[in-house]
Amino acid sequence: MTVSFRPAREDDLERLIDIHTGAFPDPRGRAARTRNFQKNPLGAFADLHVLVEHDTVLAHGFLFPLEAWFGGLRVRVAGIATVGVAPEARGRGLGSRLVQQLHDAALARGDVLAVLYPFRQGFYSRLGYGATSTYRRLRLHPASIPWRPRRRARVAVGADREALVGCLEAAAMRRTGTLARTTRAWESRLADELRTWLVVEGPGGVEGYVVWTIEQREPHAETMLQVRELAARNPEAERELWALVGAQRDQVAVVHADVAADDPFERALVDPDRARFGDHDVEHTLGELASGPMVRMLSTAHALESRGWLAEGTLVLEVGDETLEVTARGGRATVAPSRSEPHVRLDAQTLAAVAFGALAPSHAARLGWLSARDDHALALADALLTLPPYFSPDPF
């Protein structure tokens, strides 16, 4: 049967909510699901696409026009989200067809990379997606933070908006995968009344901010503080922000915070699990390891030319049946077909995980996903391709 692909229409909304409820059976009601479609902070209702058969909508998915930081540069990204298939249409491959149509639409509008948070990694791996860095979800006692506030801190106000954006961008340039927030995304976060926004200042003004929410299941019960994001222009401001979290020790019993895989913060903590007990095998636990999103290159050459490069040199890649010469100079790269002997061989899925998911080429080689001409070639690939771990405070 013929299945068509088109943007969603307002008269699809009731059907969309039904499919969404079946695909994501969480406690949200119809009003909340309507807001997810019509007032999503990452994009507009026009970014939602559907698969239709005989005038019946069978699947939906968002294709958000985003940008994210890779190697200090902003890269055009297709954010794929809310992919759902009606229960009666599952098992027919419609989810895969929808995602492929989203890839085609993203490529046509000039995106070079697709990013998504998978419901099943295996499903998207079959569609060419590679994994990104894991991150750590710490669980700690606030008194374990060793620093004490030294600088002036205050609640963020409307006039701080530009400074907040600047702090996030400064942090994003040192990271991999952080989204460049749109005005709509900023407004959605700033309007959340449950979030506390605090800033620390230095001689030049605001140097960092921290955002948290506080939860208590019932009156007089344990209080939990969730750090939603923390962005600083420099390490001194970052320590001051953590010091503010630690200063909540008399009111807060436990802090949850997500940090990048290479963040040394946990090394400074003193008895972070002081309110918990271990077991025979593990005496002290700090939290848990969590999977990041998945990435797929929509155009190999354009994707590699769009990201930033932290080292200089020339690397020849054999990607499937294509051989490419990548020349990095001054933070940018040019990519051209080549007949030279490749330094490394890998498939497009692994290259996505390496070039945008922050998987080191040497680690890919250990997993059997990449083969190198020799040790020197593998070291060259590491030097040129490796990025800081993937970490973004904006899952979608």
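The values are calculated or read from the model by the stated rules, or taken from the named source; none is laboratory data. Worth saying up front: this structure is predicted, and the values here are computed from it rather than measured. Note that each Cβ is placed from the backbone with ideal geometry, even for glycine, and that neighbours are counted across all protein chains shown.
Name the single residue, out of those in the range 340-396 being assigned by TED's automatic domain parsing to the domain that holds D321 and among the aromatic types (F, W, Y), that is nearest to R189 (Cα to Cα).
Out of the qualifying residues, it is F356.
Would you point out which residue out of A108, A172, A114 is under 17 Å from the mean Cα position of the chain (by Cα), over 30 Å from G246 (Cα atoms) and of a type in the set (A, V, I, L, M)?
Details: A108 fails: under 17 Å from the mean Cα position of the chain (by Cα); A172 fails: over 30 Å from G246 (Cα atoms).
Every option except A114 fails the conditions.
Results for (1) under 30 Å from R276 (Cα atoms); (2) in contact with a strand residue (DSSP E or B) (Cβ under 6 Å, 6 or more places away or on another chain); (3) at pLDDT below 95; (4) not aromatic (F, W, Y), shown as yes or no for each residue.
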| residue | (1), (2), (3), (4) |
| --- | --- |
| F119 | no, no, yes, no |
| W147 | yes, no, no, no |
| A180 | no, yes, no, yes |
| R189 | no, no, no, yes |
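Does A303 qualify as being in a loop (DSSP other than H, G, I, E, B) and out of contact with any helix residue (DSSP H, G or I) (no Cβ under 6 Å at 6 or more places or on another chain)? If you could, list the steps in order and put the result at the bottom.
Numbers: in a loop (DSSP other than H, G, I, E, B): no; out of contact with any helix residue (DSSP H, G or I) (no Cβ under 6 Å at 6 or more places or on another chain): yes.
Considered against the rule, which asks whether it is in a loop (DSSP other than H, G, I, E, B) and out of contact with any helix residue (DSSP H, G or I) (no Cβ under 6 Å at 6 or more places or on another chain), A303 comes out as no.
Name, by its number, the condition in (1) touching a residue at least 12 places away in the same chain (Cβ under 8 Å); (2) closer than 28 Å to G308 by Cα; (3) out of contact with any Phe, Trp or Tyr (no Cβ under 9 Å at 6 or more places or on another chain); (4) not basic (K, R) that does not hold for E162.
Going through the list (1) touching a residue at least 12 places away in the same chain (Cβ under 8 Å); (2) closer than 28 Å to G308 by Cα; (3) out of contact with any Phe, Trp or Tyr (no Cβ under 9 Å at 6 or more places or on another chain); (4) not basic (K, R), E162 breaks only (1).
Among the residues of the range 192-201, are any of a type in the set (S, T, N, Q) and part of a strand (DSSP E or B)?
Within the range 192-201, one or more residues are of a type in the set (S, T, N, Q) and part of a strand (DSSP E or B).
Looking at the range 194-217, is at least one residue in the same structural domain as R154 (by TED's automatic domain parsing), farther than 28 Å from R74 by Cα, aliphatic (A, V, I, L, M) and at pLDDT 95 or above?
yes
What's the total number of residues in the range 124-144 that are polar (S, T, N, Q) and either touching a Pro at 6+ places or on another chain (Cβ under 7 Å) or in a strand (DSSP E or B) (or both)?
3
Could you tell me whether the range 161-178 includes any residue that is polar (S, T, N, Q) and either buried (at least 16 other Cβ atoms within 10 Å of the Cβ) or in a loop (DSSP other than H, G, I, E, B) (or both)?
yes
L42 is checked against (1) assigned to a loop (DSSP other than H, G, I, E, B); (2) crowded, with 23+ Cβ neighbours inside 10 Å and fails just one. What number does that condition carry?
Only one criterion in (1) assigned to a loop (DSSP other than H, G, I, E, B); (2) crowded, with 23+ Cβ neighbours inside 10 Å is unmet by L42, namely (2).
So, of the residues in the range 263-292 that are surrounded by 13 or more Cβ atoms within 10 Å (Cβ to Cβ) and out of contact with any helix residue (DSSP H, G or I) (no Cβ under 9 Å at 6 or more places or on another chain), which turns out to be nearest to P395 (Cα to Cα)?
Only one residue tops the list, namely G292.
Of the residues L51, L98, L102, L116, which single one is outside the structural domain of D271 (by TED's automatic domain parsing), in contact with a His (Cβ under 7 Å, 6 or more places away or on another chain) and among the aliphatic types (A, V, I, L, M)?
Checking each option against the conditions leaves just L102.
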